[in-house]
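Below is one structure, written out as structure tokens; the observations come after it.
The values are calculated or read from the model by the stated rules, or taken from the named source; none is laboratory data. Since we're looking at a predicted model, the values are computed, not measured. Counting neighbours? That spans all protein chains shown, and the Cβs are built from the backbone with ideal geometry, glycine included.
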Amino acid sequence: MKILAMTCCCVDVFPEKNTVVAGGNALNLAVACSKTGKAGVYVMGNIGDDDYGKTVRESASRFNIDLSRLYTVKGFTAHHVINIDSNGDRYFKPGSWHDGVWKKYIITPSDAEFMKEMDAVATTCYESCFESIIDLRKKSNFMLSVDFHDEKINSHWEKYFNMIDLFFISGNNQNLDVLEKWSKKFNTVFTATLGRDGSISFHQGKKFLCDAVKVEKIIDTTGCGDSYQGTFLTDYLLRRDVRGAMESGSKAAAETLSFVGGF
């Protein structure tokens, strides 16, 4: 079983902790998949030829992740300045995100052929190559998982759902009734993560609820969603069991709460 995570591999800078760690949606998710020990895991995207790029590659190399499609190119590596409050929750000041070479990544013909060999591809709606990924999914058999982050639910997304197998969104302050309606129209599994309130999924009109795993102390919420999604994806790819995938994802998310950074 092969899972590809694309494309954001970056570093997270934590001023309060005086710490810089590797992260990014793709890398965090890839590590979560790798930790299950149930899949071959790959990442695809750009990092810069700077010290941050070295940090990303060195950190990723500690895990069983294929980095052959993680390209080092001239320029600076994407990085995110993340502030943490006393409850372990993240907040961002203006200008905290720097895209660097991440945003310049373009799927090459070789990368496209590589993607077609995958059992699953995981990405986000923010990728500059998102439309290209959707087009490739139309011609391929891989399962596609997409993180829509905390974007406000938008009816225009419906045009993608015949190509998206797993849909994730931060469900806080969202109208989740829309997800239930969509699940009756499309075969997509729609999942909203709700932080301390757990998660909720809809598939073929059925609703699934999962409590959050309680943790004694929250250190940092960075990467919890990525850990949840990567573990959910791996579990679902193996068993096609929504509730079981949610439970596995919740356990992985709880573990991520216990340290600074996404992994």
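Name the one entry in A212, A192 that is assigned to a loop (DSSP other than H, G, I, E, B), modelled with pLDDT of 95 or more and in contact with a Leu (Cβ under 9 Å, 6 or more places away or on another chain).
Just one listed residue meets the conditions, A212.
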(request) Return the total of residues in segment 90-103 being in a strand (DSSP E or B) and aromatic (F, W, Y). (result) 2
(request) Within segment 108-133, track down each residue that is over 18 Å from the mean Cα position of the chain (by Cα) and aliphatic (A, V, I, L, M). (result) A112
(request) Taking T193 as the residue in question, decide whether it is touching a residue at least 24 places away in the same chain (Cβ under 8 Å), touching a Gly at 6+ places or on another chain (Cβ under 6 Å) and surrounded by 23 or more Cβ atoms within 10 Å (Cβ to Cβ). (result) yes
(message) Name the single residue that is surrounded by the most Cβ atoms within 10 Å (Cβ to Cβ) among those in segment 235-259 being in a loop (DSSP other than H, G, I, E, B) and touching a residue at least 40 places away in the same chain (Cβ under 8 Å).
(response) L257
(request) Please enumerate the residues belonging to segment 104-138 that are outside any helix (DSSP H, G or I), charged (D, E, K, R) and surrounded by fewer than 21 Cβ atoms within 10 Å (Cβ to Cβ). (result) E117, D119
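Could you tell me how many of the residues in segment 56-70 are farther than 15 Å from G261 by Cβ and either buried (at least 17 other Cβ atoms within 10 Å of the Cβ) or of a type in the set (D, E, K, R) (or both)?
6
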(request) Identify the single condition in (1) in contact with a helix residue (DSSP H, G or I) (Cβ under 7 Å, 6 or more places away or on another chain); (2) not in a loop (DSSP other than H, G, I, E, B) that F167 does not satisfy, given that it satisfies every other one. (result) (1)
(message) Just the residues that are in contact (Cβ under 8 Å) with a residue 40 or more places away in the chain, of a type outside the set (D, E), crowded, with 17+ Cβ neighbours inside 10 Å and closer than 22 Å to C10 by Cβ, please, taken from segment 204-227.
(response) T221, T222, G223, G225, S227
(request) Looking for whichever is of a type in the set (A, V, I, L, M, F, W, C) and crowded, with 23+ Cβ neighbours inside 10 Å here; the options are V41, V101, V81. Which one fits? (result) V41
(request) Look through segment 44-55, keep the residues that are closer than 16 Å to V13 by Cβ and not basic (K, R), and return whichever of them is surrounded by the most Cβ atoms within 10 Å (Cβ to Cβ). (result) I47
(message) Kindly evaluate A5 against the criterion of being within 18 Å of G249 (Cα to Cα), under 16 Å from the mean Cα position of the chain (by Cα) and buried (at least 24 other Cβ atoms within 10 Å of the Cβ).
(response) yes
(message) Against the definition (touching a residue at least 24 places away in the same chain (Cβ under 8 Å), out of contact with any Pro (no Cβ under 7 Å at 6 or more places or on another chain), part of a helix (DSSP H, G or I) and not small (G, A, S)), how does T55 come out, yes or no?
(response) yes
(request) Out of N141, N162, N87, report the one residue that is touching a residue at least 40 places away in the same chain (Cβ under 8 Å) and either assigned to a loop (DSSP other than H, G, I, E, B) or acidic (D, E) (or both). (result) N87
(request) Output the number of residues of segment 16-52 satisfying the condition of being modelled with pLDDT of 95 or more, in a helix (DSSP H, G or I) and not aliphatic (A, V, I, L, M). (result) 8
(request) Determine whether H156 is closer than 19 Å to G195 by Cα and surrounded by fewer than 15 Cβ atoms within 10 Å (Cβ to Cβ). (result) no
